[in-house]
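Take a look at the structure below.
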């Protein structure tokens, strides 16, 4: 039997095809408003005055400095842990403190502490000989440990400064943007949305950038301080053991 032609089905099929093609064109055709956004970062830089541009540049520099410190301190702490492992494996198996120090890497802070301890033990003569040997060696090792700790803390003050000041720098940009909005409203004589949206948008962007700069700096500071504490525990333990060895080998180190 031959199938009968159904005109209603054919019309429905054509109508559905038309709707699908129209929907596809609407999705692929670009939105003119999205091509030219007058309230984005590009407009902020192009339309902003020298105060807004200066504030934005300061935030960018603060962010770059923060990430530089975070990455460099992370690498430095990683090297410190490697030096601590090397000192644990090679220094204490040496025949003397001098041999153990020579076996360590030249850039190792543990070698620096050992050499300072040896230097203090060898210079316990003359007027310094009047000082108790235990106290003199303790002071020499402690000075070396304090030097290492000071170097480990380099850059952390920058992170703390950025974390505490970046939100206020962004807030300054916010205040300046609102001020410009009020000025434009007063000059135009009408509070239309197109007169207010630009400056207010700039102010909100400044606030967001300030927070985006401050949050990584604060998190990085707390993370690096915690890692520094772990590294310094190994350094202090090495100094204590070295002090005991120097006292036990006094005159033979």
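What follows is calculated from the coordinates using simple rules that are stated; it is not laboratory data. Because the structure is predicted, anything quoted here is derived from the model rather than measured. Here the Cβ is made from the backbone with ideal geometry for all residues, glycine too, and neighbour counts use every protein chain on show.
Quick notes on this one:
- Inter-residue pairs, beta-carbon under 7 Å, first without any contact (Cβ under 8 Å) to a residue 60 or more places away in the chain and in segment 74-88, second part of a helix (DSSP H, G or I) and surrounded by 17 or more Cβ atoms within 10 Å (Cβ to Cβ), 6+ apart: 83/109; 83/110
- Entry remark, segment 149-174: residues being assigned to a helix (DSSP H, G or I), within 21 Å of residue 79 (Cβ to Cβ) and touching a helix residue (DSSP H, G or I) at 6+ places or on another chain (Cβ under 7 Å) number 5 in total.
- Check on residue 146, surrounded by fewer than 16 Cβ atoms within 10 Å (Cβ to Cβ) and either more than 27 Å from residue 72 (Cβ to Cβ) or in contact with a strand residue (DSSP E or B) (Cβ under 6 Å, 6 or more places away or on another chain) (or both): no
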